[in-house]
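Here the structure comes first, spelled out in structure tokens, and everything after it is commentary.
The values are calculated or read from the model by the stated rules, or taken from the named source; none is laboratory data. None of these values were measured; they are calculated from a predicted model. Methodologically, a virtual Cβ is constructed for each residue, glycine included, from the backbone with ideal geometry; neighbour enumeration extends over all protein chains shown. Only protein heavy atoms, including side chains, enter the accessible area calculation; ligands, DNA and RNA are left aside. Shrake-Rupley method; radii C 1.70, N 1.55, O 1.52, S 1.80 Å.
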Amino acid sequence: MREILGLGALARNCVVAIERRHFVLSDNDVVLHDGMNIKSVLSGKLRRWLFRHMNAAARERCFVHHNPSSHEVFVFFPMDNAEEPNMAVVYNYRTDTAAIRSFEEGVRHAASAPPTGGGVLESVLAGAGGLQRLGDGPVVASMSRLERVGLTLGSVHRKKLLKRITPLVDGERGGQVRVSVGVQTDAWSEPVYQDALYTIGMDFSVPVGLEGRYFAVRFENVSARWFRLHDYLIEYEETGQW
């Protein structure tokens, strides 16, 4: 689908239907529309960051994917000189918020499939590293990495002191995962990370002690044969304006 009510999609797979609306990645914006009203879903700074870092030579490989289990739409794109989509701007249409997520091995295709026993559709990604389930609790295989950046933890106008992070994981007991928490000056800047090792089945949480307005979290397998990250809890307190 190349044209919707005069709004041109960037590529063939850059349109997806969500709750009687269309989510569209165009050549200069990311929007939701219901046939009458059009809403840009990204802030001006995040939109400029997306199109500044999108590899123009491989833009036809961009695509969008709806992950119904988390109420999110992923805008997959090849960043800078990448040949395949390796980054995504993730928009949550229930909370009207956006984040950035990296996929180091690249994502060639995404599809939704019913889980065993039924329930909410789960998303499966296909890339150079094989298949990976995306759902609310992504399966993180050996030697892989999961990263979320641009986390505001509330108001972007207030500073927060992040005290500790508690990974909710299953995995090989005694296996270690590197848990990194970083501070960003804004949602698109490079995080400055603080690393700690988390031992599955032995550790409960990881102390942090970082202050800022934007944060990033990263989980990297170090020695576990497998682990499943279900979620993570962040303990923080607001410390003041800017």
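Couple of notes before you dig in:
- Rounded to the nearest 0.05, the FRET efficiency derived from the C-beta distance between Ala196 and Arg148 at R0 = 22 Å is 0.85.
- Using R0 = 41 Å, the C-beta based FRET efficiency linking Val156 and Arg225 works out to 0.55.
- Share of carbon and sulfur in the accessible heavy-atom surface of segment 166-242 [1.4 Å probe, %]: 49 percent
- Stokes-Einstein diffusion for segment 185-232 at 10 °C, viscosity 1.306 mPa s, with a Kirkwood radius from C-alpha pairs, works out to 122 µm²/s.
- Taking 7 Å steps out from each Cα toward its Cβ at Arg173 and Ala56 produces label points 5.7 nm apart.
- Net charge of Cβ neighbours under 9 Å - reference Arg218; Lys, Arg +1; Asp, Glu -1: 0
- Solvent-accessible area per residue for segment 12-64 (1.4 angstrom probe, square angstrom): 57 Å²
- Within-10-Å neighbourhood charge of Asn13 [Cβ basis; K, R +1; D, E -1]: +1
- Diffusion coefficient of segment 40-87 by Stokes-Einstein, Kirkwood radius over Cα pairs, 20 °C, 1.002 mPa s: 188 µm²/s.
- Contour minus Cα-Cα distance for Thr166 and Met36 (0.36 nm per residue): 42.4 nm
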